[in-house]
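Asker: Quick one: this structure, given as structure tokens, is what I'll be asking you about.
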Amino acid sequence: MTAGQETAVAADARILPVLLAGGSGTRLWPVSRDAMPKQFQPLVGPLSSFQQTVQRVADPALFADPLVITNEAFRFFVRKQVADLGAAASIVLEPERRDSAAAVAIAAVLAERQAPGTLVLALAADHIVLDTDLFAEAVRLGARAAIEGAIVVFGLTPTEPRSSFGYIKPGEAYAGTDDLHAVERFVEKPDRATALGYMRDGYLWNSGNFLFRSDAMIAEFARSAPDILAAAEAAVDAATTDLGFLRLDRAAFAAAPSTSIDYAVIEKAAKIAVVTGRFRWSDIGSWDAIWEVSERDAEGNALHGHGAFVGSRDCLIHSEETLTTVVGLEGIAVVATSDAVMVVPRERAQLVKDAVAQLKAAGRGEAAQHRHSFRPWGRYDDIVTGDRFRVRHITVDPGGVLSLQKHLHRAEHWVVVSGTAEVTVGDDVRLVAENESLYIPVGTIHRLANPGRIPLELIEVQTGSHLSEDDVIRLGDIYSRV
């Protein structure tokens, strides 16, 4: 196939959106944690930023069904969030984190093998875009350059001299447009004074999202980062399919250096263009950024969840469960979850990352884990834990089945509060209805399932000398976790 034919294929095909959803955001602790990072949390509006990104590429006239690249720990949760939207997506599992360069290389290799010259739109799943129509216009404009083999980046007009963003200097304009230019220069995270000069000189913020032809991106990797390309190709060659997920080969993928796509390829690309996006955008990289994109009252206060402001200005409350009040303060962010509270001046919100590092160094589990944990069958919420007991609220989705398991150090008492449970205890299988209870002795093989059409909810009381999850001995599991 000639280069011209490849261009024709790309021009006729829909764009393949690739959602990069494997990262962990510590600057939005305590809501975002390693076990459930910010892209899967409803931080701005009722949907997570991942779900908002899925919706942003839902136009079937412009986009194919998305490809999601995520960490294997999030696989079932990604599938559920996509299904909750009534959407469809292919899900690729990274066996470990390797930053964005390896993920983009995987996307380019998969797209090229499916259809040479595919246009690929790589999107960070933890960003917020508030103007979907303007975003689609920017993508269509960028496709003009991408079809011709350019790597296209999306820039935003700065509203202030942010030192936490990279900057792009636009060069010569493409014919017939004011919003598509060749890139003259990239600059990484300047100091505030330098950033102010960049604003005066017409630089753009680098949004970290890219549009490219799959063969063009592969060629750039071959030129600038051949080790990453080789690892990506080997990981795809040896990939396996597991419960509908494409699982990349662990050893091959681990050979890829951990680095960003900007450093590895974009800033060295031979042909690169920038679209000036007219849409409102945020990387929601801090609680200050959440405040900026939130609806605010007449005093500039933003509320997510349960809270109230008294005599306060320009403050943020994010409180999932607890009633939180801010009285007589200005420019403060207060974030409350079921097990942690964080208070920080908005202008110093970047320090939250340092606080998380300090908590991890001190061995605090709250730094990485929530009280609630998501599983392929549903979720559980720890209510209270003592020396020899733990009370847990368990929700099993319709059709959900827990693993066949036993515990060597704890017994379990179950009370069904909603729905009907199908319970296996040894060789006995029985139904346990609402307001009924069951006792699972230490060492007994058991399984819990929800055969009904509504969520099954129960209260579990664990008792024993060792209550950690490492006392779960799985003997069988429909989710391949044995």
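The values are calculated or read from the model by the stated rules, or taken from the named source; none is laboratory data. Just so we're clear, the structure is a prediction, and the values are computed from it rather than from any experiment. Virtual Cβ from ideal backbone geometry, glycine too; neighbours counted across all protein chains shown. In case anyone asks, the SASA skips ligands and DNA or RNA and just uses the protein heavy atoms, side chains included. Shrake-Rupley method; radii C 1.70, N 1.55, O 1.52, S 1.80 Å.
Asker: Could we say that residue 171 is more than 22 Å from the chain's Cα centre (by Cα) and open to solvent by 10 Å² or more (accessible area, probe 1.4 Å) here? Write out each step before concluding.
Answerer: On the way: more than 22 Å from the chain's Cα centre (by Cα): yes; open to solvent by 10 Å² or more (accessible area, probe 1.4 Å): yes.
Yes; evaluated as a whole, the condition is true for this residue.
Asker: Anything in segment 26-72 that is part of a loop (DSSP other than H, G, I, E, B), under 30 Å from residue 13 (Cβ atoms), out of contact with any helix residue (DSSP H, G or I) (no Cβ under 7 Å at 6 or more places or on another chain) and open to solvent by less than 10 Å² (accessible area, probe 1.4 Å)? List them, or say none.
Answerer: Going residue by residue through segment 26-72, those that are part of a loop (DSSP other than H, G, I, E, B) are 26-32, 34-35, 37, 41-48, 57-62, 64-66.
Filter once more, so that each one left must be under 30 Å from residue 13 (Cβ atoms): 47-48, 57-62, 64-66.
Checking which are out of contact with any helix residue (DSSP H, G or I) (no Cβ under 7 Å at 6 or more places or on another chain) leaves us with 47, 57-58, 60-61, 64-65.
Listed by number, the list holds a single entry, 57.
Asker: Taking residue 158, is it closer than 30 Å to residue 249 by Cα and out of contact with any Asp or Glu (no Cβ under 8 Å at 6 or more places or on another chain)?
Answerer: Taking the combined requirement at face value, the residue does not satisfy it.
Asker: Something else: Among the numbered criteria (1) at pLDDT below 95; (2) part of a helix (DSSP H, G or I), which one does residue 110 miss?
Answerer: With respect to (1) at pLDDT below 95; (2) part of a helix (DSSP H, G or I), residue 110 is out only on (1).
Asker: Look at residue 289 and say whether it is surrounded by 19 or more Cβ atoms within 10 Å (Cβ to Cβ), over 20 Å from the mean Cα position of the chain (by Cα) and either within 23 Å of residue 354 (Cβ to Cβ) or at pLDDT below 95 (or both).
Answerer: No.
Asker: A follow-up question, please. How many residues does segment 354-375 contain that are part of a loop (DSSP other than H, G, I, E, B) and either hydroxyl-bearing (Ser, Thr, Tyr) or open to solvent by 30 Å² or more (accessible area, probe 1.4 Å) (or both)?
Answerer: 5
Asker: Take the residues of segment 222-254 that are of a type in the set (A, V, I, L, M, F, W, C) and open to solvent by 70 Å² or more (accessible area, probe 1.4 Å): which is farthest from the chain's Cα centre (by Cα)? Outline the logic, then answer.
Answerer: Residues of segment 222-254 of a type in the set (A, V, I, L, M, F, W, C): 222, 225, 228-232, 234-236, 238-239, 243, 245-246, 248, 251-254.
Cutting the leftovers down to open to solvent by 70 Å² or more (accessible area, probe 1.4 Å) gives us 243, 251.
Numbers: 243: 21, 251: 24 Å.
The residue in question is 251.
Asker: Please indicate, with yes or no, whether at least one residue in segment 180-198 is closer than 26 Å to residue 117 by Cα and assigned to a helix (DSSP H, G or I).
Answerer: There is no residue in segment 180-198 that is closer than 26 Å to residue 117 by Cα and assigned to a helix (DSSP H, G or I).
Asker: Just the residues that are open to solvent by less than 70 Å² (accessible area, probe 1.4 Å) and of a type outside the set (Gly, Ala, Ser), please, taken from segment 296-316.
Answerer: Result: 297, 301, 304, 309, 314, 315, 316.
Asker: Has segment 462-477 got at least one residue that is of a type in the set (A, V, I, L, M), within 17 Å of residue 397 (Cβ to Cβ) and surrounded by 15 or more Cβ atoms within 10 Å (Cβ to Cβ)?
Answerer: Checked against the condition, which is being of a type in the set (A, V, I, L, M), within 17 Å of residue 397 (Cβ to Cβ) and surrounded by 15 or more Cβ atoms within 10 Å (Cβ to Cβ), segment 462-477 yields no hits at all.
Asker: List the number of the failed condition for residue 137; all other conditions in (1) open to solvent by less than 40 Å² (accessible area, probe 1.4 Å); (2) out of contact with any Pro (no Cβ under 6 Å at 6 or more places or on another chain) hold.
Answerer: All conditions are met except number (1).
Asker: Continuing with this model, one more query. Considering only residues that are of a type outside the set (A, V, I, L, M, F, W, C), farther than 19 Å from residue 293 by Cα and modelled with pLDDT of 95 or more, which ones fall in segment 319-353?
Answerer: 324, 325, 328
Asker: Residues of segment 424-461 being of a type in the set (A, V, I, L, M, F, W, C), under 34 Å from the mean Cα position of the chain (by Cα) and surrounded by 14 or more Cβ atoms within 10 Å (Cβ to Cβ), which ones? Lay out the reasoning, then the answer.
Answerer: Initial filter on segment 424-461 (of a type in the set (A, V, I, L, M, F, W, C)): 425, 429, 431-433, 438, 440, 442, 445, 448-449, 454, 456, 458-459, 461.
Subset that is under 34 Å from the mean Cα position of the chain (by Cα): 448-449, 454, 456, 458-459, 461.
Matches in segment 424-461: 448, 449, 456, 458, 459, 461.
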